[in-house]
Amino acid sequence: MSDGQLPADAENPYAQPTIAEVQAQPTSVDYTNPVYHQSQYVIRRKVFKIFGAAFHIYDLQGNLAFYSKQKAFKLKEDIRVYGDVERTSELLCIKARGILDFGMTYDVIDSTTQQVVGSLQRKAWKSFLRDSWTILDFNDQEVGTIQEESGALAILRRFIGGFFAQLVAPQKFVGYIGDFPVLEFSQNRNPFVQKIQLDYGPDVNGLLDRRLGIAAAALLCAIEGRQN
């Protein structure tokens, strides 16, 4: 063996690792981060956006907590939730399972782990008179519901429609896990500035995965907002 050569069975300390040995560092967002666990949020929708839909979600101090963007020209609904307006940090992905189905199921995926958090399913026939959704866990088991609080006001909204509906009878949704209330969505009365308040105050036992709550806010704004 000449000088500078290693024995045949020796490991080269300067050798580069093979591709199999290189493991990408996982990118994840700590779900305990306070941004997920505010008691209330305010969601504002861009009313005059031509393609897709965009929503800013603020905490009560007026700080941007989330930014949601609906992809335009997609056969399947595709809504993303980011931590910033520049969309450099994707947090949640909300994807429809099918195409043009009135009773669609939307999977909520944590983009930082690629794990399904749960799903939201629109109750097709019930929603003709009163918007209703089912909350499913990651095993597709029904665990809760989200629906318009007042059936009478829901019918009134459909009768008068559009501009006057929001002015006279703004929507309010109540969410339950089992029989326990966990959230409320309250729409403002201003038809020119669409704002919805998300309130987790009823969830005193912490039953709802907050990621599902944020996804529901984006989804309700995007889907139910078309009726306004």
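The values are calculated or read from the model by the stated rules, or taken from the named source; none is laboratory data. Nothing here was measured: the structure is a model prediction, and the numbers come from that model. For neighbour counting, all protein chains shown are included, and Cβ atoms are generated from backbone atoms with ideal geometry for every residue, glycine included.
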Conditions (1) modelled with pLDDT under 65; (2) assigned to a loop (DSSP other than H, G, I, E, B); number of the one not met by GLN166 | (2)
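For the range 125-143, how many residues meet the condition of being at pLDDT 90 or above and either touching a Gly at 6+ places or on another chain (Cβ under 6 Å) or outside any strand (DSSP E or B) (or both)? Walk me through it before giving the result.
Let us first name the residues in the range 125-143 that are at pLDDT 90 or above, namely 133-143.
Okay, now just the ones that are also either touching a Gly at 6+ places or on another chain (Cβ under 6 Å) or outside any strand (DSSP E or B) (or both), so 135-141.
Count: 7.
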For residues that are at pLDDT below 90 and out of contact with any strand residue (DSSP E or B) (no Cβ under 7 Å at 6 or more places or on another chain), scanning just the range 62-95, find the one that is surrounded by the fewest Cβ atoms within 10 Å (Cβ to Cβ).
-> PHE73
With the first residue restricted to the range 203-228 and required to be surrounded by 21 or more Cβ atoms within 10 Å (Cβ to Cβ) and of a type outside the set (S, T, N, Q), and the second required to be in a helix (DSSP H, G or I) and at pLDDT 90 or above, Cβ contacts under 8 Å at 6 or more apart or on different chains are none
Exactly one condition in (1) at pLDDT below 95; (2) crowded, with 17+ Cβ neighbours inside 10 Å is not met by ILE99; state its number.
-> (2)
